[in-house]
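The values are calculated or read from the model by the stated rules, or taken from the named source; none is laboratory data. In this text the structure is predicted, and so the values were computed from the model without any measurement. Note that each Cβ is placed from the backbone with ideal geometry, even for glycine, and that neighbours are counted across all protein chains shown. Keep in mind that these areas ignore ligands, DNA and RNA; they rest on the heavy atoms of the full protein, side chains included. Shrake-Rupley method; radii C 1.70, N 1.55, O 1.52, S 1.80 Å.
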Amino acid sequence: DAQTAAAAQRAFDLGINFFDTADVYGNGHSEEVLGSALASIRDQVIIATKGGRRVREDGSFWSDGSPAWLRQAIDLSLRRLGTDYVDLYQLHWPDPAVPVEDSVGALHDIRESGKARFVGVSNFGVSDLQRVLGLGPIISNQIPVNLFYREHVPATLAFCSQQGIGVMAYGPMAQGLLTGKFRTD
């Protein structure tokens, strides 16, 4: 935790002002540590977090994009982050059991309540983005972009560019596969 806080402070000292996390990272612990690390400079940073994923007892994840859960999840995230709003709140993954329009509609309700300044999505392809465009402004789509995962990236990037949706790339080093961390055996 101390190393993470020091890294966040050092990043800020070097000009980084955008910090992204999610409620399921460390089952909420990431938000707690980041919120504490950024508390004294909250008005100078942009905090993004994601909701819509949950953690089972065995540590596995499942999607819950229900409006009821998203409304609860933002409140839990705000408490852990120690703030009364986030700059960007994102739906972590589309939930196949919930119409994407319902999930994104809940995001807009959260934005309108003042708990998030802006809303975005994560892991959305073109078809899901097309379904939610008319519901309100989606300012970002966070997607994996690396040499191993390229199949849908060009189409998603082009669509986001055409629609004025910012793209936040994640996993550029493919969770370490492109760093030399792993050997072929």
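If I filter region 153-168 for residues that are surrounded by 13 or more Cβ atoms within 10 Å (Cβ to Cβ), of a type in the set (Gly, Ala, Ser) and closer than 24 Å to residue 62 by Cβ, do I get at least one hit?
Applying the first criterion (surrounded by 13 or more Cβ atoms within 10 Å (Cβ to Cβ)) to region 153-168 yields 153, 156-157, 159-160, 163, 165-168.
With the extra rule that they be of a type in the set (Gly, Ala, Ser), the set shrinks to 166.
Subsequent filtering for residues that are closer than 24 Å to residue 62 by Cβ retains none.
The answer is no, given that none of the residues of region 153-168 is surrounded by 13 or more Cβ atoms within 10 Å (Cβ to Cβ), of a type in the set (Gly, Ala, Ser) and closer than 24 Å to residue 62 by Cβ.
Per-residue answers, yes or no, for (1) open to solvent by less than 20 Å² (accessible area, probe 1.4 Å); (2) modelled with pLDDT under 85:
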position: 112; (1), (2): no, no
position: 135; (1), (2): no, no
position: 138; (1), (2): yes, no
position: 141; (1), (2): yes, no
position: 149; (1), (2): no, yes
position: 173; (1), (2): no, no
position: 176; (1), (2): yes, yes
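If residue 54 passes every condition in (1) at pLDDT 95 or above; (2) under 24 Å from residue 108 (Cβ atoms) but one, which one does it miss?
(1)
For residue 119, are the conditions met, namely being under 25 Å from residue 35 (Cα atoms), touching a Lys or Arg at 6+ places or on another chain (Cβ under 9 Å), assigned to a strand (DSSP E or B) and among the β-branched types (Val, Ile, Thr)?
Details: under 25 Å from residue 35 (Cα atoms): yes; touching a Lys or Arg at 6+ places or on another chain (Cβ under 9 Å): yes; assigned to a strand (DSSP E or B): yes; among the β-branched types (Val, Ile, Thr): yes.
Criteria met by residue 119.
Confirm whether residue 71 is under 18 Å from residue 107 (Cβ atoms), modelled with pLDDT under 95 and among the charged types (D, E, K, R).
No: the conditions fail for residue 71.
As an exercise: evaluate residue 168 against (1) part of a helix (DSSP H, G or I); (2) aliphatic (A, V, I, L, M); (3) in contact (Cβ under 8 Å) with a residue 40 or more places away in the chain and give the number of the one condition it does not meet.
So residue 168 meets the others, but not (1).
Hey, could you check region 114-133 for residues that are among the small types (Gly, Ala, Ser) and over 25 Å from residue 81 (Cα atoms) and say which is surrounded by the fewest Cβ atoms within 10 Å (Cβ to Cβ)?
127
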